[in-house]
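Readers should treat all values here as calculations from the given coordinates under stated rules, not as data from a laboratory. Since the structure is predicted, the reported quantities are computational estimates derived from the model, not experimental observations. Heads up, the Cβs are rebuilt from the backbone with ideal geometry, glycines too, and the neighbour counts pull from every protein chain shown.
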Amino acid sequence: MAVIRELCVKFATENLTWGYGRNYIDRKFNFSGLIDTAIAALDLEFNLSPVPTVDFTTLRGRHITATYGKTPRIDGVKLDYDAWKLFGGTHLNSEPGSRILTITHGRLKRVLDFNTLSITDSVEP
């Protein structure tokens, strides 16, 4: 069971660094293991029987429950996968099935329309 907890801590700390890499974050901010310590101290419970289930409280206090074969819950509310965009972020956005990708950067906007195989560029006011 200690191995499972160690893997969960490793997964959480690797994904906490937003793609920068742990070594970069540790060097840049001189964390030297503080992330590992903080994650290891969080409330984590798991059970392998009858199906794998993990209950976890995040650094921000949100309670996540994930059970194999079921929709995960955050603070008791099921994730609504139907409401998710295909891409949804600060620079890339697309609705599932639309075949249209909108790329933005500041006032610049580019729309890739795979329905008509066209590209439209614009500058927002």
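Computed quantities for the displayed model
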{"quantity": "Pairwise FRET efficiency - Ile119 versus Ser49, Cβ, R0 = 41 Å, nearest 0.05", "calculated": "0.15"}
{"quantity": "Length gained when the stretch Arg99-Val111 is fully extended (0.36 nm per residue, less Cα-Cα span)", "calculated": "3.3 nm"}
{"quantity": "Label point 7 Å beyond Cα of Leu42 along Cβ direction - residues of region 62-89 with amide nitrogen under 12 Å", "calculated": "62-65"}
